[in-house]
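Contents: one structure, followed by commentary.
The values are calculated or read from the model by the stated rules, or taken from the named source; none is laboratory data. Keep in mind it's a predicted model, so treat the numbers as computed, not measured. Cβ placement follows ideal geometry from the backbone for every residue including glycine, while neighbour counts extend to all protein chains displayed. Heads up: the accessible areas ignore ligands, DNA and RNA and are worked out on the full protein's heavy atoms, side chains in. Shrake-Rupley method; radii C 1.70, N 1.55, O 1.52, S 1.80 Å.
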Amino acid sequence: MTDELVIRRRTLGSLEFIGRGGTAAVYGLPDLRPESLGVEAPQGLAYKEYSPKTRARAGPGLAPGLQAMVGVRSRLAPAQRARWDERVIWPVRLVVDDHGAATGIVMPLIPQRFFQRVTPRSGGVMSVPREAEKLFGDVETMERIGVAPVTQEVRVRLIGCIAATYALMHYAEVVIGDISGRNLVYDPDPVRPAVLAYDADSARLTGSRSPFGSQPHTPRWEPPEALAAARRHRESYGTVHPDAIVAQSKSTDVYKFGLLVVRILDYGKGRAVNRDPAAATRVLRRAGHERAARLLVRSLAEQPGDRPTLREWYEALRRNRAVPNDLPPRPGGPEAPRGSTGPRGTKGPHAPEDPPPAETERLVDGTVIGSWVFRAESGWHRRDG
């Protein structure tokens, strides 16, 4: 193992219990300073310790798998790493016991701006992460528990932030897998809305397995190919065996992102399981995002190969100023500055303004978008070029 990516459990210092889930417990680390690990995390660090059952089920691949995940962030250029840290709660160290066996990960805590004070039916007031699923609910219920309504304008901007976050992860060759309303938190600030992806340690790198083996699909977020495979397996064997799980991929991520868009824009009672893009596309068109409306329909296509990329979503919304210009340029792409490279060596932290539109649209000769004109025989050209 690379020493700088690994830390011994006994060196973590005091552990302050935060919470426990089905696979792990989370502890605050008041004695471990982020700057000592080269991490910008003013809110502090946490230790996520996997249960013995989870570690046993993952097997010997857990330690190298988690270390590979830590390595994704460490390989980014400093400017891109800063962008990553703003958008993703990601493992920054693998934690091992004295025998070198993986016990968990060190990660930043969620910043306070992503928390919400709510009043549950049981009474009292509690502070909880403001998960994206709160955007799916009806206004009356949200107001009852203390969550202020979010305008459609801010919702569209939040979608742009999600697209930028997930496109950045795809750029780093990360398949997110577990996309739902419970592993994203948001800040609805109308001046500077933001999102943060967390519980990302179950993701995987393209060409490899998740550190925990398979990546099951969250119920009610399954893409059509996963639903079809489960149905066939149930008809043949009477149950759904883990072998029937359709592998997560960038195209399944895009489908689930499409569901997020639908459920954020077409919200209300019973809408948290909505898969119909009709109302959401109308919202996007009224907001002036015609191309994004078309991308939404394609994102929910039955065939994975018919779905767009998250980079296309990012570019479509960025040109309409719904998302900041902070994704690295495509390696070797038409908007990449001379000498730029991929995530391991990007020389410039920003893509130039106004990149050429994606060439996957069905366009006719002479189509103009911004400062670009489409020529059927040769693609996009600057109008002033």
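Here is how the numbers come out for the structure above:
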item	result
Residue in the range 157-167 that is polar (S, T, N, Q) and either crowded, with 22+ Cβ neighbours inside 10 Å or within 30 Å of Arg75 (Cα to Cα) (or both) present	yes
Among the candidates Asp138, Asp187, residue that is modelled with pLDDT under 95, surrounded by 13 or more Cβ atoms within 10 Å (Cβ to Cβ) and not hydrophobic (A, V, I, L, M, F, W, C)	Asp138
Selection within the range 64-99 - of a type in the set (Lys, Arg) and surrounded by 15 or more Cβ atoms within 10 Å (Cβ to Cβ)	Arg73, Arg81, Arg83, Arg87, Arg93
Residues of the range 281-292 classified as open to solvent by less than 30 Å² (accessible area, probe 1.4 Å) and either under 20 Å from the mean Cα position of the chain (by Cα) or touching a residue at least 60 places away in the same chain (Cβ under 8 Å) (or both), total	5
Hits in the range 116-127 - residues which are over 15 Å from Pro188 (Cβ atoms) and either part of a strand (DSSP E or B) or open to solvent by less than 30 Å² (accessible area, probe 1.4 Å) (or both)	Met126, Ser127
Residue tally, condition free of Cβ contacts under 8 Å to residues at least 60 places away in the same chain and open to solvent by 30 Å² or more (accessible area, probe 1.4 Å), over the range 304-318	2
Qualifying residue in the range 100-115 (condition: assigned to a strand (DSSP E or B), open to solvent by 30 Å² or more (accessible area, probe 1.4 Å) and in contact with a Ser or Thr (Cβ under 7 Å, 6 or more places away or on another chain))	yes
Residue match in the range 40-58 (condition: touching a residue at least 24 places away in the same chain (Cβ under 8 Å), closer than 25 Å to Gly213 by Cβ and touching a Lys or Arg at 6+ places or on another chain (Cβ under 6 Å))	no
Some residue of the range 112-126 being out of contact with any strand residue (DSSP E or B) (no Cβ under 6 Å at 6 or more places or on another chain) and within 20 Å of Ile179 (Cβ to Cβ)	no
Single residue of the range 12-45 satisfying the filter (buried (at least 18 other Cβ atoms within 10 Å of the Cβ) and in contact with a Gly (Cβ under 6 Å, 6 or more places away or on another chain)) that is farthest from Pro129 (Cα to Cα)	Leu32
Helices (runs of 4 or more DSSP H) (entirely within the range 223-324) containing at least 3 residues that are at pLDDT 95 or above, under 30 Å from Glu143 (Cβ atoms) and in contact with a helix residue (DSSP H, G or I) (Cβ under 9 Å, 6 or more places away or on another chain)	250-265, 278-286, 290-299
Number of the exception - Lys48 against (1) at pLDDT below 95; (2) touching a helix residue (DSSP H, G or I) at 6+ places or on another chain (Cβ under 9 Å); (3) open to solvent by less than 100 Å² (accessible area, probe 1.4 Å)	(1)
